[in-house]
Structures are given as structure tokens and as C-alpha cells.
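Bear in mind these aren't lab numbers, they're just calculated from the coordinates by the rules spelled out. What you see is a predicted model, and the numbers here were worked out from it, not measured in a lab. Methodologically, a virtual Cβ is constructed for each residue, glycine included, from the backbone with ideal geometry; neighbour enumeration extends over all protein chains shown.
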Amino acid sequence: MGLWVLLTWASLLLLSLAVICFLLYCGYIQHVHMKSDHIPGPPRDSFLFGHSSTIMKIAQNENEILYDQFLEWVKRYGPVIRINILHNVIILAVSPEAVKECLMSPKYQKDWFYDRMASMFGVRFLGKGLLSDRNYDHWHQQRRVIDPAFSKLYLIGLMAPFNENAEHLTQVLLEKADGKQVVKMHDLMNRLTLDIIAKVAFAMDLNCLEDEETPFPKAISLVMRGMVESRNPAAKFLLGKQAIIREVTESIRFLRETGKKCIEKRRRAIEEGDDVPDDILTQIFKGAALEKDFDPETLVDNFITFFIAGQETTANQLSFTVMELARNPPILEKAQAEVDEVIGAKRDLDYGDLGKLTYLSQVLKETLRLYPPAPGTSRELPEDLMIQGLKIPRKATIFLNSYIMARMEEYFDDPFTFNPDRFSPDAPKPNFTYFPFSLGPRSCIGRVFSQMEAKVVMAKLLQRFDIKLVEGQSFKILDTGTLRPLDGVICTLRQRTTKRALA
């Protein structure tokens, strides 16, 4: 009897503590609300969960992307809106004033969102690599030592592998260019860009274009899906998510193990005095040697960061570019005419050719306007900030989104129309409304690298093929951590018969 009474009192005590903790948490949420409720925004789905229900519902529907809902909210409530997720307040600011203030100054550091990239479902993912490192000083040290790998001299030296791999793609496509065989361009672009980044950054020969059994494309797709699943903080506790979480974590471990093997091979070569390429991996080693309190896992972090970011975003941009050119025959013909004029029947492009392909540059920039693979970034406010006459409280997260701003008539005329002339040399510059590679000190280190790669690949495609989309595609966007074409850009190809095109 005494034991039963003791257990009863213990249960009541635990229940009371739980109730007190819950009430304290509710009080904290109310405190957060009071500091930000003056900022416009849609009604919360609930007091406790904020807008989480709406966000999760959209995230689970592959026919919708969250940024389209945010765009509707912006149209209704203005360019600065409040979004509540549990006790977190996210301020969506689609204002050039906010973009300039928060991205051009190093005092605004990356927020808690990037912790989900550092570690996913309890497994180290990008760790303290260049993309996910929230400590500005540590990031700056890494960036300074890796920058030489993206110098002009280094980039010019990449023309040979860019040409070689793009040529490999055209040879694969020539076997299918009968106007009948269906080609899923996004899949091929994924494999191509994987081959390129592995070779030029880490001296790895993956041959993904030929080897359909290679595990790398699937592993990357799974970890990108994991980034979407991890948006739900309760995902790891849901029975229905356990299988995908297990696949995601296994893929992360596979990629990190691949990185460790590649790094160890390079380490031995350096120690034994062998010649090593002056590539990204070598620069990472140089950075490691300069750091006093260096964590060896940071080597792997940066391997994974470059391996994934250097592949995923460029593959998506190339796929969207093919999609829009095929949807707009006059633009496709104009781009092909420029390629014919600049490179004619040459097999390989020179570095100097890239600067002459001005219209193709405009096409690639317009693709990034409508379909930025990495659509936004976020920062934590170290102090109160006034934006559009609204006081944003310190510690709030401010979310800046290039995808949304690209679809606003305030910034772009007829914003949903694909129009490369927006980026002609005499067109007005879209200051602080166009930032597919971010802006300021933490802008993407691989911007020039990726656009050189994209231009070489697209020039060869335009030189060799006429492209036609298979009917019935939705042209919708899939959010897998980056934005990609939902249907995969399904095409048929025919070899071009113009005098300048290669036979």
C-alpha cells in the first residue's frame, strides 16, 4: 500500500512538473509573440505551433513549393511579414533594403537553419564546412585559404575537363538523337556535373554518365530529400519516416566515407612527395595546415560541401535552361545562332569564347532569376533592425529569398515571362533583387566556376542538337533542398543539320 501511494505521488509530481514546463513554454511563446506581433503576417494555424501546419502540409506535397505560398502572403501583407514556427520567429523580407543590409555586412551571421545542414538526424553532414559554418571568423579563415583554387588562372585551366566531359555528354546524346528516343535531361545533367566536380575538385573518376549503377547520384538525391524532411522537427519521431531517415543517414555516411578515403589518398601522396593537382582538395589541405585548433572532420565537411553544392545546383540550372529554351523556340534559335557564330564547328571552346557568348550568358542569368536552385538564405539579427519602417527584434531570423523577389512586379516587368533581354548589357541592373549566389562576403565561392561549366555544356548542346519537349509535362518545381524540375525535363533530340554544326 505504501509503495502504491509513493508511486502515485511520484506520478503526480512528474505530471505537475510537465504542466509547469508546458505553461512556462507557453509563456515564453507569448513573450516572443509580443515582441513581433506588430509585424504583418497571416493568422497563425495555432498559438503553440504557429504556421507550422501550413508549412508542413505544403512541404509534403511535391506539386507545391513553400515559396509560392510565401509569395501569396507577400502580395497580401507586404514585403516584410512574420512567420511563427513554435517559439521561432522568421521575418521574410523581400526588400532590396533588407537584402543590402543583411548580406553585405559580416555582422549578420547565419542562423539556426544552418545547424540542420551541419548535422542531419543526428549524423554529421556538412559540419563546419564553408556553407554551414556559422562562426564568421572560422569561416573567413577557411575561405581565405580556399580562394586561390578559384582564381582566374585556376579556372582557365578547367576548360579542358569542362570540354572533355561536355563532349562525353554529347556522345551519349548522339546515340539517342533520332527524334524518337525519350531523354530525361535532369538525370543526365546530374550525372554529368557529378563527373565534373569529382574530377576537377578531387581528381576522382566516377564515370557516372556511363555507369548507371553508381551509387553517387542516388546518395545525393537522398541527402537532399533529407534536408526537406528535416524541416519537420518531429520527423525523427514519426514511425512513417523511419525508413527514409535510415536511407538518408546511410547515404550521408557513404558520402563521408568516400571523402575520408579520397582525403587519405591525397594525404599519403603529399607526405610521400608525389605530384598532386592544385585543386580544391589540395587547397583544403593547405587550409588545414594553417589552422591551430583544426578538426580533421572539417576536411570531410568541405569535401561533402563542394561535392554536393558543386554538382546539385549546376545540374538544376542546366535542366531548367534546357526546359525554357525548348519552351521558347525564338530564344532557342537566337542562342543557337550565337553559338554558330562564335564557335562554329569547333569541337572545344576556348576561355576567350565564353566572353563572346553574351546572349547565352543572358539566358543562363534569366534561368537563375526564375529558378534559383538555392532560392534563399537567412541571417540572425544581433540587434534590432528597422526595415520598411518596421522594427525587427534582435535574435529574430530574417529570411531573404531571390525566388520570391524575381516574381514580384515591383522589381521585374512581366516577371513570369522568360526574357533573357532583362540581362542585356544596356538593361538596368537588378540591384539587391537578384542574388542566386547570395551577395556580400558569404556569397558562393563557386559562382564563376559553375557558370563557366554551364556555358560550356549549353554551348555544346546548342551546337549539336535541336531539342523538343515531350508533351504532357507540368513544368512545376520540386523542392528537394534545392529547386529542380519536377518532371525531369523529358525531351527528344535531333542532331542539327546546319552548316556550322558538327557532323
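Return the Rg/Rh ratio of the range 388-503 with Cα-based radii and a Kirkwood Rh.
Details: Rg = 18.9 Å, Rh = 18.2 Å.
Taking Rh as the inverse mean 1/r over Cα pairs, Rg/Rh reads 1.04.
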Long-range amide H contacts for Met120: which residues qualify at under 5 Å (H placed 1.01 Å from N, peptide plane, sequence gap of 5 or more or a different chain)? Phe125
For the range 302-412, the Rg and Dmax computed from alpha carbons only, in angstrom: 19.2, 59
Leading residue at positive end of dipole, the chain (Cβ point charges), from Thr497, Ile91, Gly376: Ile91
Set Lys and Arg Cβ to +1 and Asp and Glu Cβ to -1, take the dipole of the chain about its Cα centre, and tell me which of Phe125, Met104, Leu364 lies farthest positive. Met104
Provide the per-residue ³J(HN,Hα) series for the range 269-277, in order, calculated from phi with Karplus coefficients 6.51, -1.76, 1.60 and θ = phi - 60°, each as a whole number of Hz, with x at glycine and proline positions. 5, 5, 5, 8, x, 6, 5, 10, x
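Just want the ordering: Thr417, Thr358, from fewest to most Cβ atoms lying within 10 Å of their own Cβ. Spell out each step's value before the answer.
Values: Thr417 11, Thr358 15.
Going from least to most buried by this count: Thr417, Thr358.
For Met227, Met34, which order do you get if you count the other beta carbons within 10 Å of each Cβ and list the fewest first?
Numbers: Met227 18, Met34 10.
Lowest count first: Met34, Met227.
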With unit charges on the beta carbon (Lys/Arg positive, Asp/Glu negative), name the residue among Leu354, Val342, Ala149 whose Cα is farthest towards the positive pole of the charge dipole of the chain. Ala149
For the pair Lys260 and Glu383, the simple spin-label estimate (label points 7 Å beyond Cα toward Cβ) gives in nm 4.5
Using 0.36 nm times the number of residues separating Lys75 and His140, minus their current alpha carbon distance, what extension gain do you get? 19.7 nm
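Would you order Ile252, Ile244 from fewest to most other beta-carbon atoms within 10 Å of each residue's own beta-carbon?
By the 10 Å Cβ count, ascending, the order reads Ile244, Ile252.
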Kirkwood Rh, the chain, all Cα pairs: how many Å? 24.6
Please work out how much length the chain gains when fully extended from Val172 to Tyr25, using 0.36 nm per residue of separation minus the C-alpha to C-alpha distance, in nm with one decimal. 47.1 nm
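Is there a quick way to get the dipole size of the chain? I mean about its Cα centre, with the Cβ of Lys and Arg at +1 and of Asp and Glu at -1; what is the value in debye to the nearest 20?
On the way: 63 positive and 64 negative charges, 163 e Å.
About 780 debye.
Beyond 32 Å between alpha-carbons counts as too far, so tell me which of Lys184/Lys241; Lys152/Lys184; Lys128/Lys460; Lys236/Lys476; Lys75/Lys468; Lys184/Lys365 fall in that bin. The partial results should precede the final answer.
Numbers: Lys184/Lys241 28 Å; Lys152/Lys184 34 Å; Lys128/Lys460 37 Å; Lys236/Lys476 28 Å; Lys75/Lys468 35 Å; Lys184/Lys365 23 Å.
Cα-Cα > 32 Å for Lys152/Lys184; Lys128/Lys460; Lys75/Lys468; rest within.
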For Asp421 paired with Lys365, estimate the spin-label separation in nm (one decimal), with each label point 7 Å from Cα along the Cα-to-Cβ line. 1.5
